[in-house]
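Notes for the one structure printed next.
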Amino acid sequence: NPEPQDAEAPPEAQQEPAAPACVMSFNVNDPSGVTGLAGDVATIAAMGAHPLPVLTSIVMRDTAEVFDHHPIDEEAVIEQARTILEDVTVAGFKVGFLGTADTVSAVAEILSDYAETPLVAYMPDLSWLDEDQQLPYLEAYRELILPATEVLVGNHKTLTDFLLPEWDNERPASPRELAVAAAEHGTRFVLVTGVMLPAAK
């Protein structure tokens, strides 16, 4: 009897390629396509992983600024995430803008069930939000998201305002000082973007 055609193939050639890691992103829909879920899907896919996008809010913006947002009900956010998490194993989570303090709480509850799964959290500029929305959102984020965060990412000014709101030194806070402030809330690492370099002498 003739040997099967693949009998002499090396063992690695007979194995199916490993399935890509799956990363769940909780974020907004940004119609500019620059940030939010559109940016997350492109980035996760470019890294060779499979994105699992969960919609948290819809922002109204052009290419220059955000004007408003329409949050998704937190129960709908939970249902989106729980349904796919019952079916797919995730290798990591990404959290962007969650819309409301209630949604922050809802997402944090989901994350707590996967405490061993790494979380990357991105803090966007929220200066466009009304203060009565912004303050409870940031407080919930500090209390519920930061303790679960492996890596916190954000612009230097945004992270300074968020982590060191009482900072009044003429000298800008250093990335190390921001990392120390984040660590006090349980975050392990901080990636600071947009750092102003000292002028060359």
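The values are calculated or read from the model by the stated rules, or taken from the named source; none is laboratory data. Please read these numbers as outputs of a predicted model, since none were measured by experiment. Positions of Cβ are generated from backbone atoms using ideal geometry, with glycine treated the same way; all protein chains shown enter the neighbour counts. Please note that ligands, DNA and RNA were not included when accessible areas were found on the heavy atoms of the full protein model with its side chains. Shrake-Rupley method; radii C 1.70, N 1.55, O 1.52, S 1.80 Å.
Listing for the model above:
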item: Label-point separation, residue 64 to residue 87 (7 Å along Cα→Cβ), nm; result: 4.3
item: Carbon plus sulfur fraction of accessible area for segment 1-140, probe 1.4 Å, in percent; result: 52
item: FRET efficiency, residue 50 to residue 174 (Cβ-Cβ, R0 41 Å, nearest 0.05); result: 0.65
item: Angle between the chain longest axis and helix 74-85 axis [Cα atoms, degrees, rounded to 10]; result: 30
item: In nm, spacing of pseudo-spin labels at residue 167 and residue 117 (7 Å Cα→C-beta vector); result: 3.2
item: In nm, spacing of pseudo-spin labels at residue 109 and residue 78 (7 Å Cα→C-beta vector); result: 0.3
item: Structure-derived Kirkwood radius over Cα pairs in Å - corresponding label in (i) 16.9; (ii) 16.2; (iii) 18.7; result: (iii)
item: DSSP beta bridge pairing in the chain, given as percent antiparallel to the nearest 5; result: 15
item: Contact order relative to length of segment 7-104, as percent, for alpha carbon pairs under 8 angstrom and 6 or more apart; result: 33
item: 15 Å cut-off, amide nitrogen to a point 7 angstrom out along residue 134 Cα→Cβ, residues in segment 164-185; result: 164-167
item: Residue 19/residue 143 FRET efficiency (R0 35 Å; Cβ-Cβ; nearest 0.05); result: 0.50
